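Q: Sharing a structure with you now.
Quick note: the coordinates plus some simple rules give every number you see, no bench work behind them. Since this is a predicted model, take the numbers as computed values, not measurements. Please note: Cβ atoms are built from the backbone with ideal geometry, for glycine as well, and neighbour counts cover all protein chains shown.
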Amino acid sequence: MGDLVLTCMGGLSRNRMVGQKLGQGLTLEEITRDMRQVAEGVRTARSAYLLAKREEVEMPITATVYRMLYEGLPARDAVTALMSRSLKREL
């Protein structure tokens, strides 16, 4: 639980820094070009997306994060897409 809180709130979190810079309009390439450490969430997003796709499991947040990281989906469009999804029962 502490790791999750630190990732979301900590000023030293590499994953948080990547997310903030994506929100500012930078591409993944621009963000990681000068990074000397790994933001594990970047690779994890790809793995989770590919696993969900293979298993035919709908994971809209994961898919949207993947599109932001690897397909250049702007953060504003990502939020709009997620927030405008039709309501449905999710199990």
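Q: When you scan the range 57-91, how many residues do you find that are closer than 25 Å to Q24 by Cβ, without any contact (Cβ under 8 Å) to a residue 12 or more places away in the chain and among the hydroxyl-bearing types (S, T, Y)?
A: Here the count works out to 2.
Q: Failed condition for V38, given (1) surrounded by fewer than 16 Cβ atoms within 10 Å (Cβ to Cβ); (2) over 23 Å from G2 (Cα atoms), with all others met?
A: (2)
Q: Turning to a different aspect of this structure: Quick one: in the range 1-33, of everything that is among the hydroxyl-bearing types (S, T, Y) and part of a helix (DSSP H, G or I), which residue is farthest from L69 (Cα to Cα)?
A: The qualifying residue farthest from L69 (Cα to Cα) is T7.
Q: Does the range 34-56 hold any residues that are in a helix (DSSP H, G or I) and touching a residue at least 24 places away in the same chain (Cβ under 8 Å), and which are they?
A: Scanning the range 34-56 gives E40, G41, V42, A45, R46.
Q: To continue, here is another question. Tell me the residue from T80, T44, T64 that is exposed (fewer than 12 other Cβ atoms within 10 Å of the Cβ) and hydroxyl-bearing (S, T, Y), please.
A: T80
Q: Can you tell me which residue in the range 57-72 is farthest from the chain's Cα centre (by Cα), limited to those that are assigned to a loop (DSSP other than H, G, I, E, B) and farther than 21 Å from C8 by Cβ?
A: Here the answer is V57.
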